[in-house]
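See structure below.
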Amino acid sequence: MDLATIVGIFAGMFLIAFAITKGGGLEIFIHFPSMLIVGGGTLASTLVHFPLGEVLKVLKVVQKAFLHKSPEPQETITTVVEMARKVRREGVLALESQIEEIHDPFLKRGVQLIVDGTEPELIQDILSNEITALEERHKKGQQIFSSMGAYAPAFGMIGTLIGLIQMLRTLEDPTKIGIGMATALITTFYGALLANLLFLPIAGKLKTRSEQEILTKEMILTGLLAIQSGDTPRIVQDKMTAFLAPKYRQELEEVGV
């Protein structure tokens, strides 16, 4: 579970609620018609923008932002380097008995291709295409939340305009102007809050997750091709650690991978 995402959202909500209660009552910020305008309008525009199937998958995308935990790159490098040592001692076919123990589907598929004797160029093509397809799928989830982050403030402004128009009808009664203005501005508040505390941050988190996953898969591909070409375990490790920051390379050196 990604605590940073959960803590960030709840901390933002708490701080905003705290500021509201210190400045007055929380109840004046609860306005169901404004919620319907912002929430319903954002959802409606999202359905117009994207196919229904893509929108329905959004819950799975949200789970990736909150619950998905990718393996550490150092663990992946250690696993592949151990494979390189085994191949060095026993040959490529020695990996066949290890395939079922591999939990990463991408790594498992790559090892299977090596054991089957697939040409390096074909392995490169197959796994690179898989990485490209993965990137495109992830972009769709990012686009949905980015679009929702753009639509929410827009519908907040629409709700404000509706409130102002309704308020102008009661100008003959000055006592209702302040209440009408506050109600009109609540929709802008809802739109800005949803966009900047939920939709846009989740889109950013999904992008970060995607970049990390793609980098890990490219690192795995590099390691597998190095194994197939007969490189020593040390060379395999050096090729894979080239994807890491110097700090993590040093950690691997210290543990003696």
In the range 1-18, what residues are part of a helix (DSSP H, G or I), exposed (fewer than 14 other Cβ atoms within 10 Å of the Cβ) and touching a residue at least 24 places away in the same chain (Cβ under 8 Å)?
6, 13
Can you name the residue in the range 185-240 that is under 20 Å from residue 11 (Cα atoms) and small (Gly, Ala, Ser) and, of all such residues, is surrounded by the most Cβ atoms within 10 Å (Cβ to Cβ)?
191
If I ask for residues that are among the acidic types (Asp, Glu), over 16 Å from residue 225 (Cα atoms) and loosely packed, with under 11 Cβ neighbours inside 10 Å, which ones from the range 91-127 would you list?
100, 101
Checking the condition within 20 Å of residue 212 (Cβ to Cβ), charged (D, E, K, R) and exposed (fewer than 14 other Cβ atoms within 10 Å of the Cβ), which residue from 130, 72 passes?
72
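No lab work stands behind these numbers, since they all come straight from the coordinates. Predicted model only: the values in this text are computed from it and were never measured. Cβ: placed from backbone, ideal geometry, glycine included. Neighbour counts: every protein chain shown.
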